[in-house]
Structure formats: structure tokens, C-alpha cells
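S.K.: Here it is: the structure, laid out below.
The values are calculated or read from the model by the stated rules, or taken from the named source; none is laboratory data. Keep in mind the model is a prediction, meaning the values are calculated, not measured. In this analysis, Cβ positions are derived from the backbone assuming ideal geometry, glycine residues included, and neighbour counts consider all displayed protein chains. The accessibility values were calculated without ligands, DNA or RNA, using every heavy atom of the protein model including side chains. Shrake-Rupley method; radii C 1.70, N 1.55, O 1.52, S 1.80 Å.
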Amino acid sequence: VDKSLALLHELASGYSSGKALLKLDVVVFALQHHGPGPFPFLTQSGNPRHRTAFYTTLTRILLTDDNGPLEFDVFMAPLVPVVQNLSALLSNPLLVSTPGAAREEAKLLLMGALRDLRGVAVGTANRRAYGMLFEWIYPDYLSMLTRAAEIWWNDSDVTTPLLKLMGELVHNKCQRIFFECSSPNGILLFREASGLLVAYGRRILAGAPNTYKDKYKGVAACLSLLSRALGGGYVNFGVFGLYGDGALTDALDVVLQLALSIPLSELMAYPKVMRAYFPFQEILCHNHTAYLCRLSSPAFFQILGNIQHGLKCANPPHDISVSSECASALYHLVEFHFRASKRDAPALAALDAHLQSNPRLMGSLLALLMESVVYDECPNQWALSRPMLGLILTSPEAYEAIKQQMVDAAPSEAQAPMLAAFERLMTGVQRNLESRNRDKFTQNLTTFRHDVKTLLNP
């Protein structure tokens, strides 16, 4: 089965071969009659990923030609009775209170449908295709995902495909999600995602054991889901605060609590969790800096501590993307502090209160970045240089102290040349964070790094 699906997928990926497949009667039959009857492998317990791959390939074949033999609704017709049956089952209160054969049957049906629908969602790679899927799934069927999370929140066999399906639906890959300016669909989609995250997350926080299967895997899926929704560019998030809608803050609160409930050692020990957390942290610092600043001091300093730890992962065998994402997150926070917009006065006051309670924090971050750039291999020097200028401008005393420490630590014959190298580092650099000025600082930093390395290793 695996090899057959791989071959079919490869054929469907080619433009000419995909169109040729559409002319085959057996393929047209599969597009009209997909399901466990004609394809019994779909019901085998060991084939969950095959279901997703099968429906992804079918969807790509269907969408190869806009004037193909089938309409999208005809292709989705075999799935309609399945999701309608599921919707009716999930609305039955007895399903929750009476565990038994009926509940187990509903669970198996749900797991299969979730994987099938995710396969369809993965296969919709352009605006036209995604628009047809969204019209089909919303509002009739999307709300049942939240209900499923409320029932099976502690069963990873259900929640994993459930969260992955919603994560795929909010993923704006290839700019496929596009709604007209007068359409509320982007907001409605996010509200559904928020409802699912809150329903699942609050229950996990209340009673899930701290194991990968029971908690961390689901947290990683939540982080990925929310990162995709926040970075999709199809939702005006200012609307939620303007009209008193708690969908955004509720989702941020719950997912951030989930993330911060994982000890840093555990976070770094599981690559999938780590790769989901740091992009979320970056987008939080970039697009929702005011929210971040208004967090409690313990939560704020835990996030900054994670950033500080991630900055140390700048050299192999660490994942270099982690340090780059942490540097980007720190840059956005420092930029927010430096620019000091009047409209963000409450958030800036909260940020100042945080920094006053730990006045050495920014200086320690600058020292860490300076040491990484100067003394380590630092393959991502450009990424690490981004927050450095902002830290120098906002913490000049810390910069002067670091400069003096590095000069004093150098051999006596290299101290004067190193001091001169520090002076050249800021030559031509203005007191702003405009792109041209940042580029000038990065150029100077490259020269500075070379000069210092030459002095210390003649």
C-alpha cells in the first residue's frame, strides 16, 4: 500500500502525468467512489497516515485541471454522510456520559474522517481550491471539531489528527487563504480555531500528566496551529479588542500557559516541541508585543529566559534555526521598547516595570550575543546581529561595561587595538533602527569580528 500510494502521489505531482491520470476511468471512479468500500485499506488500523496521503493525492489529481470531469462538491459527496453522522453523534449528550461500544464506534469514525479531511486540506494548494473547501466545511461541519475536543481531550489518538486538521485549515501556505475585504471569513475561521484551542488547552492544563504522549505532543500541535493562524495575514486581530471579542486573548492565554507549563529541559529534549515553541515565541514578540509586555513578571521572565537559552544554540550540534528565531524575537521586543510609540504607552510602562525589576537582563543578553559573534563560529551572524544594535542603543551603560570587560580580558598588547576596533564598530551608525542603519551596523560588526579574531589569534 505504501509503495502504491507513493507512486500515485509521484504521478499526481507532475503536471502532464496528473492530467493524464484524470483521463483514466479507474481514476475518475476513485474520485467519485473513494471510501472504505472500494478501498478497504482505509479501514486497517495500521494505515492512518495512508488515509491522509490517499486523500491528498486524490485532491491534487482532481484540482490538476480546472475543467476536469468532476466538480469539487461531487468529489466531497462520499464524505458528506460520514461527517453528518458524526455531527449528529457528537451532539448527543449520551455519548459523553455512557462510555461503551457506541462511543468507541464514534471515535473510530471520527479519527478516519479527520485524517481524510486533512488529506483534502493538504491537497488544496491555491486560492480557488481552498475557497471551495472552506465553503464546504464551514459552517456546517467545522464546529464539531471543538465538540470532539471536549469529549476526547485526553485521547491523543483523537486530538493529534484533530489539531493537525485545524492546523492545516489555518495554514496560509502559498497564500491560498484569501477573503475579500468585506468578508468576515478570516475572523470566523480564527474564532473556530480559538474555540478548539481553548476547549482542549484548558482541559489539558487541568489534568494531563507531563508526558510526551499525554501532553507535550498536543502542546506542540497547539503552538504550531496558533503560530500559523497568527502569521497567516488573513485576520485583522485589532477587531477582537475593538469589539470586546475574547477569541484572541483566550487563545493566547491558553496556549502560552501550555507552553510555559513545560520545563525548559523538557522543551529542549523533544525536537518537535522545540521546533513548535520558538516560532510561536517569535511571532508573539513580533505581532503581539503589547500582549507580551502586559504578562505577569514570572511569565515574562520565563519567556526571556527561554530566549536567552535559545540564543546559546548558535553552533552545531544545536538546531541553528532556534538561535535565529530567538534573535528575531528579541529584536522585535527591543525595537518595541526603542521606538516607544505613544499608542503603546500602557504596554511600555509594563515593560519598563519588568526591566526595572531586573536591570541586568538586557545587558546579559547583549553580552551573550557579543560573545557568540566574536568568540564562536556563529554561522548565523546576521541573525544574531539584528537585536544587538537595539540593545546597544537602549542599554548604553551595559554596552560600555561589556566593551571594557572585553578589552581588559585581552592580552596587554591587544588592548589598544581592540579598543580602536570597538570605536570603529559604531562609526557611521546613527541612533535609530532604520534598515539602512542596521545594515551599516552589520557591516561594521563583520569587520569588528574579523579584527578581534585576528588580535586574539594572530
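S.K.: If Ala314 satisfies all but one of (1) at pLDDT below 95; (2) open to solvent by less than 10 Å² (accessible area, probe 1.4 Å); (3) part of a helix (DSSP H, G or I), what's the number of the condition it fails?
M.R.: Evaluating Ala314 over (1) at pLDDT below 95; (2) open to solvent by less than 10 Å² (accessible area, probe 1.4 Å); (3) part of a helix (DSSP H, G or I) leaves (3) as the failure.
S.K.: Filter region 212-223 for residues that are open to solvent by 40 Å² or more (accessible area, probe 1.4 Å) and either of a type in the set (D, E, K, R) or modelled with pLDDT of 95 or more (or both); which is nearest to Leu133 (Cα to Cα)?
M.R.: Start the filter on region 212-223 by keeping residues that are open to solvent by 40 Å² or more (accessible area, probe 1.4 Å), which leaves 212-214, 217.
Right, trim to either of a type in the set (D, E, K, R) or modelled with pLDDT of 95 or more (or both) and you get 213-214, 217.
Values: Lys213: 31, Asp214: 31, Lys217: 27 Å.
Checked region 212-223; the qualifying residue nearest to Leu133 (Cα to Cα) is Lys217.
S.K.: Here are some conditions: (1) modelled with pLDDT of 95 or more; (2) more than 14 Å from the chain's Cα centre (by Cα); (3) among the hydroxyl-bearing types (Ser, Thr, Tyr). Ser227 meets all but one. Which one does it not meet?
M.R.: For Ser227, the exception is condition (2).
S.K.: Inspect all residues belonging to region 90-101 and state whether any of them is closer than 30 Å to Leu22 by Cα and either open to solvent by 10 Å² or more (accessible area, probe 1.4 Å) or part of a helix (DSSP H, G or I) (or both). Working first, answer last.
M.R.: Our first condition is that a residue be closer than 30 Å to Leu22 by Cα; within region 90-101, this holds for none.
The answer is no, given that none of the residues of region 90-101 is closer than 30 Å to Leu22 by Cα and either open to solvent by 10 Å² or more (accessible area, probe 1.4 Å) or part of a helix (DSSP H, G or I) (or both).
S.K.: Is it the case that region 415-433 has a residue that's open to solvent by less than 50 Å² (accessible area, probe 1.4 Å), within 33 Å of the chain's Cα centre (by Cα) and within 30 Å of Phe300 (Cα to Cα)?
M.R.: yes
S.K.: Ok, one more. Only one residue in Arg431, Arg438 is closer than 17 Å to Val334 by Cβ, touching a residue at least 12 places away in the same chain (Cβ under 8 Å) and not in a helix (DSSP H, G or I). Which one? Even if it seems obvious, please write down each step before you answer.
M.R.: On the way: Arg438 fails: not in a helix (DSSP H, G or I).
Testing whether each residue is closer than 17 Å to Val334 by Cβ, touching a residue at least 12 places away in the same chain (Cβ under 8 Å) and not in a helix (DSSP H, G or I) leaves just Arg431.
S.K.: Next question, about the same structure. I'm trying to understand the selection: among the residues of region 2-44, which are open to solvent by 80 Å² or more (accessible area, probe 1.4 Å) and either at positive phi or acidic (Asp, Glu) (or both)?
M.R.: Asp2, Glu10, Asp25
S.K.: Same structure again: Return the residues of region 397-414 that are open to solvent by less than 60 Å² (accessible area, probe 1.4 Å) and assigned to a helix (DSSP H, G or I); say none if nothing qualifies.
M.R.: Across region 397-414, the qualifying residues are Ala398, Tyr399, Ala401, Ile402, Lys403, Met406, Val407, Ala414.
S.K.: Against the conditions (1) more than 21 Å from Ser143 (Cα to Cα); (2) part of a helix (DSSP H, G or I), where does Leu86 fall short? Just the number, please.
M.R.: Going through (1) more than 21 Å from Ser143 (Cα to Cα); (2) part of a helix (DSSP H, G or I) one by one, Leu86 breaks only (1).
S.K.: Within the set of pairs 6+ apart or on separate chains, which have a first residue in region 350-367 that is within 18 Å of Ala299 (Cα to Cα), a second that is among the hydroxyl-bearing types (Ser, Thr, Tyr) and not in a helix (DSSP H, G or I), and C-beta atoms under 7 Å apart?
M.R.: Pairs found: Met362/Ser395.
S.K.: Could I ask something else about it? Could you list, in sequence order, all residues of region 118-127 that are open to solvent by less than 10 Å² (accessible area, probe 1.4 Å) and either within 18 Å of Phe178 (Cβ to Cβ) or of a type outside the set (Gly, Ala, Ser) (or both)? Steps first, answer last, please.
M.R.: So the first thing to find is which residues in region 118-127 are open to solvent by less than 10 Å² (accessible area, probe 1.4 Å), and the list is 119-121, 123-124.
If the condition is that a residue be open to solvent by less than 10 Å² (accessible area, probe 1.4 Å) and either within 18 Å of Phe178 (Cβ to Cβ) or of a type outside the set (Gly, Ala, Ser) (or both), then Val120, Ala121, Gly123, Thr124 are the ones that fit.
S.K.: Let me ask another. When you go through Val235, Val273 one by one, which is the residue that is under 21 Å from Ser321 (Cβ atoms), under 17 Å from the mean Cα position of the chain (by Cα) and among the aliphatic types (A, V, I, L, M)?
M.R.: Exactly one of Val235, Val273 is under 21 Å from Ser321 (Cβ atoms), under 17 Å from the mean Cα position of the chain (by Cα) and among the aliphatic types (A, V, I, L, M), namely Val273.
S.K.: Follow-up. Applying the selection to region 267-279, what residues are assigned to a helix (DSSP H, G or I) and either open to solvent by 60 Å² or more (accessible area, probe 1.4 Å) or without any contact (Cβ under 8 Å) to a residue 24 or more places away in the chain (or both)? Give the derivation first.
M.R.: Kept after step one, since they are assigned to a helix (DSSP H, G or I), are these residues of region 267-279: 267-269, 271-279.
Scanning region 267-279 gives Ala269, Pro271, Lys272, Arg275.
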